[in-house]
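What follows is a short report on a single structure.
None of the figures in this text is laboratory data; all of them are computed from the coordinates on show. Everything numeric here is computed off the predicted structure, so don't read it as measured data. Here the Cβ positions follow ideal geometry from the backbone for every residue, glycine too, while neighbour counts run over all protein chains shown.
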Amino acid sequence: TESFPIRVTMDELKKHNTKKDAWSVFNGIVYNITPYLPYHPGGPDELMRVAGRDGTKLFMLTHSWVNIDHMLQECMVGMLVKG
Ligand code: HEM
């Protein structure tokens with residue numbers, strides 16, 4: 001069995017940068033954004049800009065009022081760790 005929360009390094013995060021396998025980080029939490037791509041009101045391409053990287057800044061610039069923890073609860077992968 002695996003432990004939760006799953007620890008994700010930046011090296012691991014970077015590998016998930018395609019539409020079929022896209023992860024991103026918001027406020028230290030790693031999400032699988034692939035299932036949400038077709039539903040994003042700003043379009044999939046805008047969302048793909050943060051695939052494989054930390055999306056916190058862009059997210060805060062575009063819509064800081066959106067409750068991402070709530071919306072992407074089911075898509076949570078784990079937490080970003082150093083190393
Ligand atoms: C709109 C969710 C990431 C760009 C929206 C809206 C939601 C949403 C709910 C509608 C907001 C409203 O009308 O008040 C999310 C979630 C994200 C995410 C859950 C993270 C997984 C991003 C990122 C960008 C972005 C990283 C930019 C690179 C936009 C833009 C709109 C938008 C430009 C406005 C679309 C329009 O009104 O025409 N997003 N978003 N989003 N989002 Fe995102």
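Annotation: amide H-H contacts under 5 Å for Val77 (H modelled 1.01 Å from N, sequence separation of 5 or more, or interchain): Val30, Tyr31, Asn32. In this simple spin-label model, placing a label point 7 Å from the Cα along the Cα-to-Cβ direction at both Ser64 and Met76 gives a separation of 2.3 nm.
Do you know the relative contact order of the chain, to the nearest whole percent, from alpha carbon pairs under 8 angstrom that are 6+ apart? Value for the chain: 44 percent.
3J(HN,Hα) couplings calculated from phi for segment 66-82 with the Karplus curve 6.51 cos²θ - 1.76 cosθ + 1.60 (θ = phi - 60°) are, in sequence order, 6, 8, 5, 4, 6, 5, 10, 3, 6, 9, 5, 9, x, 10, 6, 10, 6 Hz; Gly and Pro show x. Work through the residues other than Ala22 whose Cβ is under 14 Å from its Cβ and net out their charges, Lys, Arg +1 and Asp, Glu -1. Value of the local net charge: +1.
Expressed in whole Å with the largest first, what are the equivalent ellipsoid semi-axes of segment 6-80 derived from the C-alpha gyration tensor as the square root of 5 times each eigenvalue? Walk me through the numbers on the way to the answer.
Working: eigenvalues 57, 38, 27 Å².
One finds semi-axes of 17, 14, 12 Å for segment 6-80.
Net charge in the neighbourhood of Asn32 (other residues with Cβ under 10 Å of its Cβ; Lys, Arg +1, Asp, Glu -1) is -2.
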